[in-house]
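Everything below concerns the one structure shown next.
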Amino acid sequence: IFKDGQPYMLAGFTIDITSRKNMENALAESEQKYRLMAENISDVFWIATPDISKMIYVSPAYEKVWGRSCQSLYESPGSFIEAIHPEDRERATSEFRQARERETTWITHYRIVRPDGSVRWIEDRGFPVYDEQGHFYLNTGVSEDITLRKLAEERLSQSERKFRTVFRDSPV
């Protein structure tokens, strides 16, 4: 404020922003913990739009499990479907589509074929995320490589069949 063309009074106010700064620090710490977890787990953690037209996040484990770059998934979000084994693709994509349409959680198993020709079993678990107004706005999930579990189940099944055959044919 001026009086006779000269500065006369300085007006101002002070706002305590301690709580805002505390919230910003807590958010930054939470984001850091999330990144540490998401980028160091062996499962693939992913976030996409409901129609999977845009991949928002995919953890680095995607490259280890699928054998493809994360960048390829960001550039072409549906490209993970191309890796699904031809015998499993129709069933798996139908299950994905139905879950999205119903906005429900889902769990499915399928095989993928990696670029080197090796086959891996995947357990894919996904769930919808809703905004404050109740609109489905994100699809999130975890894709786990369950190949070792599937191999163990197959060995157990073979052993059980062998056991039944031996005891069925054995005189008792």
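The values are calculated or read from the model by the stated rules, or taken from the named source; none is laboratory data. Just so you know, these numbers come straight off a predicted model, no measurement behind them. Using ideal geometry, Cβ is built from the backbone for each residue, glycine included, and neighbour counts are taken over all protein chains shown. For the accessible areas, the whole protein counts, side chains as well, though only heavy atoms, and no ligand, DNA or RNA atoms are used. Shrake-Rupley method; radii C 1.70, N 1.55, O 1.52, S 1.80 Å.
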Against the condition modelled with pLDDT under 95 and over 18 Å from the mean Cα position of the chain (by Cα), how does residue 161 come out, does it pass? yes
Here is a check on your reading of the model: is residue 53 surrounded by 10 or more Cβ atoms within 10 Å (Cβ to Cβ), closer than 30 Å to residue 94 by Cβ and modelled with pLDDT of 80 or more? no
Just one of (1) open to solvent by less than 90 Å² (accessible area, probe 1.4 Å); (2) assigned to a helix (DSSP H, G or I); (3) of a type outside the set (Val, Ile, Thr) trips up residue 91, so point out which. (1)
Could you figure out which of (1) out of contact with any Leu (no Cβ under 9 Å at 6 or more places or on another chain); (2) open to solvent by less than 60 Å² (accessible area, probe 1.4 Å); (3) not basic (Lys, Arg) isn't true of residue 98? (2)
So which residues in region 61-75 are under 30 Å from residue 135 (Cα atoms) and open to solvent by 50 Å² or more (accessible area, probe 1.4 Å), if there are any at all? 71, 74, 75
